[in-house]
Amino acid sequence: MTTVLPRDAPAPTRRRRPRFTFWTGVTAATILVFVVLLLLPLFSLVISSFAGKQSDDVSLWQVYVTLFTKPYYYKALINSFVLSIAAMALSLIIGFPLAYCVTRFNIAGKLIIRAVIVLTFVSPPFIGAYSWILLLGESGVLRRWLAAVGVTLPPIYGWFGLILVLSLQGIPFVFLMVSSALKTVDQSIEDAAINLGRGPIAVIRTAILPLIVPGVSTAALLVFVTAFSDFGTPAIIGQNLRVFPRLVYNEFVNETTGGNFTVASALSVVLLAVSICALLAQRGYAERRSYGQEVLRPLAVQRIGGVRRLLATAFVYAVVFVAALPIVTVVVSSFLESKHSVITGNFTIEGYLQAPRLWSSLLNTLMFATVATLLCVVFGALVGYVTARFRTRLASFIDLMSMMPYAVPGVVLGIAFALCFAGAPLFLGGTAAILILAYFVRRLPYSIRSTSAMLSQMGTQTEEASINLGVAPGKTFLRITVPMMTPALMSGALLTWATVAREFNATVILYGSRTTTMSVEVFREVLYGNFGNASVVGTVLIAVSIVPIVILFKALGKDEDVLL
């Protein structure tokens with residue numbers, strides 16, 4: 001029997017199969033890259049932590065039980081918490097008033113102050129550790145000068161040195177975050193508080209501080225996580241003080257002399273868990289304390305004079321001088337004659353001509369940083385477009401995955417890559433490939449964030465017009481979108497290059513005899529007591545890290561906010 005439909009009845013519709021488009025392929029490739037280079041290594045790390053010999057009497061969790069019941073391990077964890085909290089607190093105590101004074105008061109030389117802060121921010125972190133040995137070590141220059149006037153300081157090694165160095169390394173984080181947060185406060189808020197009779201301190205405490213809590217808490221998080229996961233600084237000046245990253249490294253590299261990959265993996269999982277928990281706690285706290293506000297008139301610079309200006313200026317320049325002193329020490333000592341750990345006062349450039357592995361490590365650093373940066377730029381442009389233009393669950397998942405590398409400490413990522421890719425079937429251990437892949441996934445968020453931020457401010461009319469005229473999505477992206485977001489790509493590339501060049505924590509796990517970078521070379525020379533060679537390589541490394549930032553600021557007109 002045949003059914004006759006009315007003439008005006010709609011024809012039956014067929015369910016269309018989803019077409020495979022250019023951006024579908026990009027999305028699939030993006031997920032594959034994150035799965036292979038991020039999730040798979042971290043999964044291998046977790047599996048390795050349960051890979052010890054098991055029996056009916058020993059549970060899978062025995063290694064974790066041991067970590068939290070054996071004093072050798074849990075005391076190191078406590079030491080890391082105490083050290084990180086102390087560094088975080090001291091950085092906030094010094095960095096917050098520093099940022100407030102520079103941002104709000106008419107202090108002379110603000111450009112120089114900000115330039116020095118940026119310099120200390122992008123310079124390799126552990127360089128400050130061994131430069132303080134030159135200054136406050138047993139025969140340090142500054143220690144001898146202070147002893148001559150009757151001032152005796154505690155030893156630079158151990159708790160005092162670690163808290164000092166890690167706090168100074170954290171001050172730029174606080175300065176940049178607080179300065180940026182202050183720009184989001186409207187002047188009317190301060191005016192209203194003053195009209196209600198509040199004094200200067202009360203205005204900051206009751207009106208301004210509650211509005212910049214998200215920025216302050218982010219700075220605190222960055223300092224805490226950086227200090228908690230730092231390996232180089234405790235290894236150089238920590239002496240016998242056990243902290244968690246040192247245990248992770250020692251357990252991993254001492255496999256042939258009694259170490260244990262299972263314990264190293266378990267320690268890495270704990271380190272990763274601490275970082276992720278700190279990140280989640282900060283985000284939850286910041287969201288609860290966040291206030292939606294529209295800034296029509298940013299906070300104005302207050303003109304102060306007399307004793308107030310003198311005290312504010314003295315405080316700012318004193319902090320900046322102490323923060324920059326390690327870099328100045330490294331650069332100056334690189335031009336002085338040295339004999340192993342003794343640096344004389346004789347000027348010479350022989351160190352640059354005779355440094356044994358300077359040029360090979362420089363070549364490796366330049367090559368690895370360039371290749372990793374190119375990968376980040378290409379992949380970051382595509383991923384940034386997906387996260388900014390497509391409002392789907394898959395795009396949200398990719399956006400979340402792209403931020404995950406922020407929460408993974410360098411030592412943890414290095415061990416995860418070593419476990420996943422160093423052995424069969426790839427055997428990439430110690431090669432340039434494994435280092436470049438680690439740098440790529442670790443620094444990819446810079447390119448993604450800069451690209452997506454610019455695309456979110458750009459309309460889609462030009463792209464839609466191109467597609468409507470018959471141009472394929474891929475060609476539209478290359479011909480229309482990429483030229484428009486070139487400034488963002490350049491910004492992300494320069495920032496990526498600068499941070500890859502100074503990367504240490506992941507490199508020290510993954511490098512081989514032929515893939516030594518400058519950061520590792522500085523570390524090795526310090527451990528061997530060759531402070532002259534360390535200063536030479538360190539000075540070149542500082543220059544390599546600074547040049548992209550100078551280009552970023554001068555050629556692209558960026559300010560220090562781009563570093564956040």
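The values are calculated or read from the model by the stated rules, or taken from the named source; none is laboratory data. Given the structure is predicted, the values throughout are model-derived calculations rather than measurements. When we count neighbours, we look across all protein chains shown, and the Cβ atoms used for this are built from the backbone with ideal geometry, even at glycine.
A few remarks follow.
- Screening ARG514 on (1) surrounded by fewer than 17 Cβ atoms within 10 Å (Cβ to Cβ); (2) in a helix (DSSP H, G or I); (3) charged (D, E, K, R) shows it passes everything except condition (2).
- Exactly one residue out of TYR74, TYR100, TYR64 is outside the structural domain of VAL319 (by TED's automatic domain parsing) and not small (Gly, Ala, Ser), and it is TYR64.
- Taken over the stretch 464-504, the residue count meeting the criterion of being under 26 Å from ILE551 (Cα atoms) and in contact with a helix residue (DSSP H, G or I) (Cβ under 9 Å, 6 or more places away or on another chain) is 24.
- Filtered residues of the stretch 448-481 (kept if under 30 Å from PHE121 (Cα atoms), in a helix (DSSP H, G or I) and out of contact with any Leu (no Cβ under 7 Å at 6 or more places or on another chain)): ILE448, ARG449, SER450, SER452, ALA453, MET454, LEU455
- Some residue of the stretch 303-312 being part of a strand (DSSP E or B) and either surrounded by fewer than 20 Cβ atoms within 10 Å (Cβ to Cβ) or free of Cβ contacts under 8 Å to residues at least 12 places away in the same chain (or both): no
- For the stretch 311-337, residues that are of a type in the set (Ser, Thr, Tyr) and in contact with a strand residue (DSSP E or B) (Cβ under 7 Å, 6 or more places away or on another chain) total 1.
- Residue match in the stretch 409-431 (condition: at pLDDT 90 or above, in a helix (DSSP H, G or I), closer than 22 Å to MET454 by Cβ and not assigned by TED's automatic domain parsing to the domain that holds THR329): no
- Residue match in the stretch 495-507 (condition: of a type in the set (Lys, Arg), out of contact with any strand residue (DSSP E or B) (no Cβ under 8 Å at 6 or more places or on another chain) and surrounded by fewer than 19 Cβ atoms within 10 Å (Cβ to Cβ)): no
- Positions within the stretch 209-239 being crowded, with 20+ Cβ neighbours inside 10 Å and in a loop (DSSP other than H, G, I, E, B), in sequence order: ILE212, ASP230, PHE231, GLY238
- Members of the stretch 97-112 found to be farther than 13 Å from VAL301 by Cβ and buried (at least 19 other Cβ atoms within 10 Å of the Cβ), listed by number: LEU98, ALA99
- The residue that is nearest to the chain's Cα centre (by Cα), counting only those in the stretch 415-444 that are buried (at least 21 other Cβ atoms within 10 Å of the Cβ) and farther than 16 Å from VAL36 by Cβ, is ARG443.
- Residues within the stretch 181-208 that are more than 15 Å from GLN302 (Cβ to Cβ) and crowded, with 16+ Cβ neighbours inside 10 Å, tallied: 3
- Being among the aromatic types (Phe, Trp, Tyr) and on the phi > 0 side of the Ramachandran plot holds for only one residue in PHE427, PHE440, PHE421, PHE417, and it is PHE427.
- Against the test of being under 24 Å from THR226 (Cα atoms), in contact with a Lys or Arg (Cβ under 8 Å, 6 or more places away or on another chain) and of a type outside the set (Phe, Trp, Tyr), the options LEU135, LEU168 yield a single qualifying residue, LEU135.
- Selected residue [at pLDDT 85 or above, within 23 Å of GLY538 (Cβ to Cβ) and under 19 Å from the mean Cα position of the chain (by Cα)] from SER167, SER123: SER167
- Test for THR329: is it surrounded by 12 or more Cβ atoms within 10 Å (Cβ to Cβ), of a type in the set (S, T, N, Q) and within 20 Å of GLY140 (Cα to Cα): yes
- Residues located in the stretch 519-545, provided they are assigned to a helix (DSSP H, G or I) and surrounded by fewer than 19 Cβ atoms within 10 Å (Cβ to Cβ): ARG524, LEU527, ALA543
- Remark: pairs (first residue in the stretch 189-214, assigned by TED's automatic domain parsing to the domain that holds PHE105; second residue polar (S, T, N, Q) and outside any helix (DSSP H, G or I); Cβ separation under 7 Å; 6+ apart in sequence or on different chains) = LEU211/GLN293; PRO214/SER290.
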